[in-house]
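The values are calculated or read from the model by the stated rules, or taken from the named source; none is laboratory data. Everything quoted here is computed from the prediction, not taken from an experiment. Every residue, glycine among them, receives a Cβ derived from its backbone with ideal geometry; neighbour counts consider all protein chains shown.
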Ligand SMILES: *Cc1c(COP(=O)(O)O)cnc(C)c1O
C-alpha cells in the first residue's frame, strides 16, 4: 500500500498533542486579555484581516502556522463578547464550566440524531428536557428539541402548529402540502421579532396574511385588541421584546385564547428565563397555557453558541411536522432520538453544554444570574438618568433604551460610544424615536462595568460639543 503521508501526519498530531497545547496557550492568552481590551476591534486589527485573502492553497498547510495565524490575526479582530462591556443584540456571555465542557465535548465530536449515534447525548437531552419543563413549569407532555437558536425553534413551533391545525381540518399537510389547502390564520403582535416573520414565510405562509395586533408603548400586545380567535388560528406571543424587554400578559391572554382551541406559541428567546428568578417570574405567569415555546441557551443562560430549544406540549404534532424517515434510520425503542424533535439530522451535541450550565448553576444560580442581569440593567438606567439621558422604556428585565435630546444627538453619541470601544451598544428605532439599545446579558458584567460604560456615554455626548 502506498504510504499515506497525510494520515501519518494527523495520527502524529493526535498522539503528541503539540497543536492542542499550542492552542491552549492561545486560548488562555485570549481569555486573559479579553476582559480588559477594547470591546470592538480596532481599525488596524480589522485591516489585518486581508491577510486571509488567498486562493485555496495547492499544498497542505502547517498546523502550527494555521493556529498562529488565527490567533495573531483572528483573535484581535473578534468582538470581545466574553467580557463585561458588550451590550449589543442580546448576546450572552459564556459560563466557564460550559466552555470547559465544550472542549471535552468537541473531542467527543458526537453526531446526535439518534440514541445509537450518541447514547450520552441522548441521555443528557432527556435530562435537560425535564429540567426545562420543571423550571418553566410546563405541562408534563412537553418535549424539547435542541436546535441552533430561537429562529429555528420558532420555525419548529409554528411547523407543529401548522401540522396540528391542518390535521383538525382533515388535511394532511405532509401529504398534500399548502397548495389548495384550507385557509388558516396567524395572529401576532405588531412588535413580534423579525425571526417570527421569517419562520412564517419559510413555512409557506405570507406576511400579508398576518393579523397584526396593536401594542402599548412598551410593545406589549393590547389584550382587548386581539381579534376573535378560533381553532384554525396560530397566536404568537412574546416573552421579552428585543428592544424594550417587555412581556405580553400571558395569564390574561392565554386563559381566553385557550377556550377557542387556537394554537399559542410564545417566543421567549431571552425572556422565558425570567421564570427562573423569584423576583421576575411574575413576568412569565401563565406561559404554561401555551402549546409551544422557543427559547435560547446562548442568550440569558450564557451557554456557548449555538444553543436554542423548541418546547412543545403536543409531541405528536412536533414529531409529525419534523418527520424524518430512511431505511438506515433505526429509532431507539426505549431511548430518546433527538432528530425526531429537530429539522436537522446531523447535529452537534449542544445539549451537553446546556446540561453542564444548568447543573452548574442550579435553581439558585439561575435565579442569581437572571436577577443579576436585571439589576445591572436597572443600575444602567439609574446612572444614565442621573447624567441627563432619557430612559425610554420601563426596565422590567435586561433591556434599556436610551435617548439624548434629539435623534441627531442620539445617533452621534452612539457613534462616539462605538468609536471609543470602551463598551459596545447598538442602535434601534423605538416608535419612531432613535435610541441607543443596551442589552445586559452576560454574567461577566459587574457594577464597575456599568459605571465605566456610563462614563463612556457621558464622554461620547460631551465630544459632540467640542
Ligand atoms: C434573539 C431573538 C430571536 C432569534 O433568536 P436566535 O437565537 O438569534 O436565532 C427571536 N426572538 C427574540 C425575541 C429574540 O430576542
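Structure above, values below:
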| read-out | value |
| --- | --- |
| Test: residue in segment 367-375 that is within 16 Å of the ligand (Cβ to nearest atom), touching a strand residue (DSSP E or B) at 6+ places or on another chain (Cβ under 8 Å), modelled with pLDDT of 95 or more and part of a helix (DSSP H, G or I) | no |
| Any pair with Cβ under 6 angstrom, 6 or more apart, that starts in segment 368-390 at a residue that is under 24 Å from residue 408 (Cβ atoms) and ends at one that is assigned to a helix (DSSP H, G or I) and at pLDDT 95 or above | 380/450; 383/454; 384/454; 387/458 |
| Elements of type helices (runs of 4 or more DSSP H) contained in segment 108-226, each with 3 or more residues being surrounded by fewer than 19 Cβ atoms within 10 Å (Cβ to Cβ) | 119-135, 173-176, 194-202 |
| Residue that is under 30 Å from residue 435 (Cα atoms) and not in a helix (DSSP H, G or I), where the choices are 88, 61 | 88 |
| Check on residue 237, away from the ligand (no atom under 16 Å from the Cβ), crowded, with 24+ Cβ neighbours inside 10 Å and either modelled with pLDDT under 95 or not in a loop (DSSP other than H, G, I, E, B) (or both) | no |
| Breaking point among (1) farther than 23 Å from residue 83 by Cβ; (2) buried (at least 17 other Cβ atoms within 10 Å of the Cβ); (3) modelled with pLDDT of 95 or more, for residue 336 | (3) |
| Within segment 240-259, tally of residues that are surrounded by fewer than 24 Cβ atoms within 10 Å (Cβ to Cβ) and not in a helix (DSSP H, G or I) | 4 |
| Residue count for segment 28-47, restricted to those that are in contact with a helix residue (DSSP H, G or I) (Cβ under 6 Å, 6 or more places away or on another chain) and either surrounded by 16 or more Cβ atoms within 10 Å (Cβ to Cβ) or in a loop (DSSP other than H, G, I, E, B) (or both) | 3 |
